[in-house]
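The values are calculated or read from the model by the stated rules, or taken from the named source; none is laboratory data. Predicted model only: the values in this text are computed from it and were never measured. All Cβ positions, even for glycine, are placed from backbone atoms using ideal geometry, and neighbour counts span all protein chains on display.
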Amino acid sequence: MKRVIDRKQFKFYLWTAGAFLLLYSFAESFAFPETILKRIINSFILIIYLTILNFILFEYILHFIKLTPKRFLIGFLLVVGYLALYTFGLYAWRYLWIQAGVYTPFRPDTSVLKDVAAHSQFSLTYLFFFGIVRHIYNYTKLISASKQLRIEKQEAELNYLKSQTNPHFLFNTLNNIYSLARDKSDLAPESILRLSKILRFMLYETGGEYIAVEDEMKILSDYIALEKLRYDDSLIIKFNTDVEDMKQPLPPLLLIPLVENAFKHGVSETRNQPFVDIHLSVTRQQLLFIVKNSVEVSSDIHEVKENIGLSNLRRQLQLLYNDYDLSVQKEESVFISALKINLSSHV
């Protein structure tokens, strides 16, 4: 049975032994102040032996018993043997150091059984103390590992959602450029140049956890300019901002799905008076982003079907913030997306 003991585990045994020695010596200093130094040396010698026993018990013996639950006799003999080590074994260890002149016996005239009984209380107290501390330590490690696993899972999911969003955006943009190229529009080269600019920004500026809100506004403006190339002057676009701090951190490309949705599922399907009205405000870490766009009048006025962009955005918000609200509604000829985020509630 081979078990690997890491450095942290080894340090834990040493720290626990030191803590018990400190607490026990502190208690004895009140009862025996005149001999406290000798008693600390005695306790130190006993704790060395008991720490080695605890190490073997918790790291090897108990694991062996768990692996062989059907071998009751072997487990029983191991328990009995270990009790002997904690009692008579401790007495023998103490006697060895008495003979070496290091350990000081304060009751030299007592019988062997009385000495064994007295020192057994010390060993069992230390065993009980160590068991409680070890349980708390392992529980804390378990909670920490579980939390770390949850964080890693959320990060993996968030990265997956981002990896979905960017190709989705690229696919839609390439379709737009394809339409211009098919119509042999003179605007096709300019659209390719703008797309190149956006992709360069995505590759080199959005790799971190945050970007400044001014950079998010810049990429929104570039995307709007790219989309606008496909339409004539009948398309009305408004982009109003009220930002208190342009350096306010914001997850990159968080807002673009709502703008992309306005063009792809709104303006592109509107025959009369197409428009996109965008409002962004960030005040005291409260973000409000409202996107209104024209839609064709249909019988299912209030029915809203969320596409992959909106679904991914909603899930990203769940992973990123504790306090947010994303609402979408469809009126007679207007689709409204409203996003509110308390930016200080970042997970």
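Residue-wise test of (1) in the same structural domain as G309 (by TED's automatic domain parsing); (2) modelled with pLDDT under 90; (3) among the hydrophobic types (A, V, I, L, M, F, W, C).
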{"residue": "N175", "(1), (2), (3)": "no, yes, no"}
{"residue": "L203", "(1), (2), (3)": "yes, yes, yes"}
{"residue": "D233", "(1), (2), (3)": "yes, yes, no"}
{"residue": "F239", "(1), (2), (3)": "yes, no, yes"}
{"residue": "E244", "(1), (2), (3)": "yes, no, no"}
{"residue": "Q273", "(1), (2), (3)": "yes, yes, no"}
{"residue": "I290", "(1), (2), (3)": "yes, no, yes"}
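Hey, among L193, L149, which residue is modelled with pLDDT of 75 or more and at negative phi?
L193
Picking from L37, L62, which residue would you name as being of a type outside the set (V, I, T), surrounded by fewer than 16 Cβ atoms within 10 Å (Cβ to Cβ), assigned by TED's automatic domain parsing to the domain that holds H119 and under 23 Å from L96 (Cβ atoms)? Walk me through it before giving the result.
Details: L62 fails: under 23 Å from L96 (Cβ atoms).
Testing whether each residue is of a type outside the set (V, I, T), surrounded by fewer than 16 Cβ atoms within 10 Å (Cβ to Cβ), assigned by TED's automatic domain parsing to the domain that holds H119 and under 23 Å from L96 (Cβ atoms) leaves just L37.
Does the range 249-256 contain any residue that is at pLDDT below 80 and either over 29 Å from D233 (Cβ atoms) or surrounded by 14 or more Cβ atoms within 10 Å (Cβ to Cβ) (or both)? Give the derivation first.
Residues of the range 249-256 that are at pLDDT below 80, as a first pass: none.
No.
Just give me the residues in the range 16-27 being surrounded by 12 or more Cβ atoms within 10 Å (Cβ to Cβ) and either at pLDDT below 90 or aromatic (F, W, Y) (or both), in sequence order.
Of everything in the range 16-27, those that are surrounded by 12 or more Cβ atoms within 10 Å (Cβ to Cβ) and either at pLDDT below 90 or aromatic (F, W, Y) (or both) turn out to be F20, Y24.
Taking the range 295-316, which residues are at pLDDT 80 or above and not in a loop (DSSP other than H, G, I, E, B)? Show your work before the answer.
Restricting attention to the range 295-316, the residues satisfying the condition of being at pLDDT 80 or above are 295, 310-316.
Across the range 295-316, the qualifying residues are L310, S311, N312, L313, R314, R315, Q316.
A118 - would you say it is modelled with pLDDT of 75 or more, touching a strand residue (DSSP E or B) at 6+ places or on another chain (Cβ under 8 Å) and over 22 Å from V276 (Cα atoms)?
Working: modelled with pLDDT of 75 or more: yes; touching a strand residue (DSSP E or B) at 6+ places or on another chain (Cβ under 8 Å): no; over 22 Å from V276 (Cα atoms): yes.
Taking the combined requirement at face value, the residue does not satisfy it.
Considering only the range 70-106, state which residues are assigned to a loop (DSSP other than H, G, I, E, B), over 21 Å from E59 (Cβ atoms) and at pLDDT below 80. It would help to see each step written out before you state the result.
Of the range 70-106, the ones assigned to a loop (DSSP other than H, G, I, E, B) are 70-71, 100-106.
Narrowing the set further to residues that are over 21 Å from E59 (Cβ atoms) leaves 70, 100-106.
Hit for the range 70-106 is K70, nothing else.
When you check L180 against the structure, is it touching a residue at least 40 places away in the same chain (Cβ under 8 Å), under 22 Å from R271 (Cα atoms) and out of contact with any Phe, Trp or Tyr (no Cβ under 6 Å at 6 or more places or on another chain), yes or no?
Details: touching a residue at least 40 places away in the same chain (Cβ under 8 Å): yes; under 22 Å from R271 (Cα atoms): yes; out of contact with any Phe, Trp or Tyr (no Cβ under 6 Å at 6 or more places or on another chain): yes.
Judged against the criteria, L180 is a match.
Condition test on K11, is it at pLDDT below 90, assigned to a helix (DSSP H, G or I) and assigned by TED's automatic domain parsing to the domain that holds Y60?
On the way: at pLDDT below 90: yes; assigned to a helix (DSSP H, G or I): yes; assigned by TED's automatic domain parsing to the domain that holds Y60: yes.
When the stated conditions are applied, K11 passes them.
Looking only at the range 268-294, how many residues end up being in contact with a Ser or Thr (Cβ under 6 Å, 6 or more places away or on another chain), within 23 Å of E331 (Cα to Cα) and either free of Cβ contacts under 8 Å to residues at least 60 places away in the same chain or not in a strand (DSSP E or B) (or both)?
So the count comes out to 6.
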